[in-house]
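Student: Shown below is the structure under consideration.
The values are calculated or read from the model by the stated rules, or taken from the named source; none is laboratory data. Predicted model only: the values in this text are computed from it and were never measured. Positions of Cβ are generated from backbone atoms using ideal geometry, with glycine treated the same way; all protein chains shown enter the neighbour counts.
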Amino acid sequence: MDLPQRALQTFCWAQKMPHLYPDDRILTSTVEVLARKRELKLPVNLEKFTSLTNRSLIEAMVKGFVKGGSLNLAWKLLSVVKQSKRMLGPGIYAKVILELGKNPDKHILVEELLGDLGERDDLNLSQQDCTAIMKVCIRNRKFEIVESLFYWFKQSGRDPSVVMYTTLLHSRYSENKYMEALALVGKWRPGNVSWIFLLIV
């Protein structure tokens with residue numbers, strides 16, 4: 001409901017209820033709402049803060065900053081986390097990449113986050129996050145990453161959706177790889193071919 005004061009009041013009430021508190025979900029939800037409404041200030045000593053704070057709370061802060069449009073704060077927090085050699089959930093990076101990708105001037109930051117994701121052995125992205133990153137990569141003309149993400153997703157044992165297939169098709173079309181795009185279309189049933197082309201042209 002985007003009511004930070006109500007969220008804070010609810011949190012203070014929950015603290016007095018032994019059967020509800022302590023519960024990280026209550027704390028992280030409150031923090032995310034405060035961050036989203038720009039009523040949460042970062043500590044002066046971020047390095048110390050991140051070393052003493054659990055991962056779920058940091059992730060809630062980053063999500064709140066992203067949803068509230070405070071991308072600079074989200075980036076600052078991610079940078080400190082990286083310096084302390086900690087990692088957040090891949091979905092958090094996907095959300096930041098998606099928002100940064102809307103601004104062409106932020107392409108260097110996007111590439112840095114993509115590099116961080118690429119180095120992870122525990123990479124685990126939802127289909128929606130994976131497709132969103134692929135679309136950002138197309139805008140930044142990082143077509144090789146689009147291909148890598150698509151094949152990584154398939155190798156993870158999951159079936160790509162129509163949206164993911166059309167995103168890959170659009171990537172190959174944008175890269176002028178028309179034969180490769182046609183080869184992908186050839187894997188689809190005849191009834192799907194015409195509307196897939198309409199989606200990308």
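Student: Just to check your reading of the model, which residue among Leu113, Leu117, Leu109 is surrounded by 19 or more Cβ atoms within 10 Å (Cβ to Cβ), modelled with pLDDT under 95 and not basic (Lys, Arg)? Break it down into steps so the answer makes sense when it comes.
Tutor: Values: Leu117 fails: surrounded by 19 or more Cβ atoms within 10 Å (Cβ to Cβ); Leu109 fails: surrounded by 19 or more Cβ atoms within 10 Å (Cβ to Cβ).
Matching residue, one of Leu113, Leu117, Leu109: Leu113.
Student: For segment 23-61, what are the residues that are part of a helix (DSSP H, G or I) and among the polar types (S, T, N, Q)? Reasoning before the result, please.
Tutor: Initially, segment 23-61 is screened for residues part of a helix (DSSP H, G or I), giving 24-36, 46-52, 55-61.
Matches in segment 23-61: Thr28, Ser29, Thr30, Thr50, Ser51, Ser56.
Student: In contact with a helix residue (DSSP H, G or I) (Cβ under 9 Å, 6 or more places away or on another chain) and either at pLDDT 90 or above or of a type outside the set (Ser, Thr, Tyr) (or both): does that describe Leu73?
Tutor: On the way: in contact with a helix residue (DSSP H, G or I) (Cβ under 9 Å, 6 or more places away or on another chain): yes; either at pLDDT 90 or above or of a type outside the set (Ser, Thr, Tyr) (or both): yes.
It is true that Leu73 is in contact with a helix residue (DSSP H, G or I) (Cβ under 9 Å, 6 or more places away or on another chain) and either at pLDDT 90 or above or of a type outside the set (Ser, Thr, Tyr) (or both).
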